[in-house]
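I have placed the structure first, in the form of structure tokens, so that the comments after it can refer back to it.
Computed from the coordinates by the stated procedures, all read-outs in this text should not be read as laboratory data. On a predicted model such as this, the values are computed, not experimentally measured, just so you know. Virtual Cβ from ideal backbone geometry, glycine too; neighbours counted across all protein chains shown.
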Amino acid sequence: MVLAVFVLGGCATAKIDWAGRVGHYTFDQAVVELGPPDKEAKLSDGARVADWLTQRGRAVIYGAAGGAYGGPGWTDYAPVGVGPATPDYFLRLNFDAAGQLTAWKKFAR
């Protein structure tokens, strides 16, 4: 069981070396590995820019007020407040007309 924790934990923390893939990674490989991009644009020179969603943002709701016991559980809850939402995180990969990776970046929106 301890071994499984280390093996699974190692997989979850593995980082991809995108800089090392520049010039050696194709759009087709990206689609196989990451799935279809969430957003994609072809440029007039044949280059392609594609964005993949890597982490969905979340709204933060805290506290509850007005709860009343009604049978099997609590009912009539209302949030006390809503904090700022976290952004969505994306990976943007740029490919040349031949389909080779030319640049990459991670960003939040």
Efficiency of FRET from Cβ geometry, Ile16 and Leu43, R₀ 25 Å, rounded to 0.05: 0.55
C-alpha center-to-center spacing [the range 85-106, the range 18-52] in angstrom: 7 Å
